[in-house]
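What follows is a single structure, written as structure tokens, with notes after it.
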Amino acid sequence: RKGSALSTACSSSGAFKPYVSQWIAVGERTGHVADVFSQLRVYYQALTEKRTKSFIQLIEPAMTILLGIGIVILIFMFVIPLFSSMGSLF
């Protein structure tokens, strides 16, 4: 709004890391801002994919354990009482 450079606005907003505004400043000086944004997209996409993969690798064993606990609870709640009631009939 004020007519300042995009890199200045990015650095003063505090919403971006300092190296992002430095990259944008380099793009503004060289006239290749679109290339800089393309590289930023590639960088952040790779970072997001890496963090997502790490999160999934951490959550997968926990989900397996929780599913196993759920199955054991279902067995104790339904199957064992069913067999014990059928055993008392004979």
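Among the residues of region 13-52, those that are within 27 Å of the chain's Cα centre (by Cα), hydroxyl-bearing (Ser, Thr, Tyr) and surrounded by 10 or more Cβ atoms within 10 Å (Cβ to Cβ) comprise TYR19, SER21, SER38, TYR43, TYR44, THR48, THR52.
In region 53-80, what residues are open to solvent by 90 Å² or more (accessible area, probe 1.4 Å) and either of a type in the set (Phe, Trp, Tyr) or under 15 Å from the mean Cα position of the chain (by Cα) (or both)? Once the filter is applied, which keeps residues that are open to solvent by 90 Å² or more (accessible area, probe 1.4 Å) and either of a type in the set (Phe, Trp, Tyr) or under 15 Å from the mean Cα position of the chain (by Cα) (or both), region 53-80 yields LYS53, PHE55, GLN57, LEU58, GLU60, PHE76, PHE78. If you check ILE24, ILE65, ILE56, ILE80 for being at pLDDT 95 or above and part of a helix (DSSP H, G or I), only one passes: ILE65.
The values are calculated or read from the model by the stated rules, or taken from the named source; none is laboratory data. Note that this is a predicted model, so its numbers are computed, not measured. Ideal geometry is used to build each Cβ from the backbone, glycine not excepted, and the neighbour counts take in all protein chains shown. Heavy atoms of the whole protein, side chains included, go into the accessibility calculation; ligands, DNA and RNA do not. Shrake-Rupley method; radii C 1.70, N 1.55, O 1.52, S 1.80 Å.
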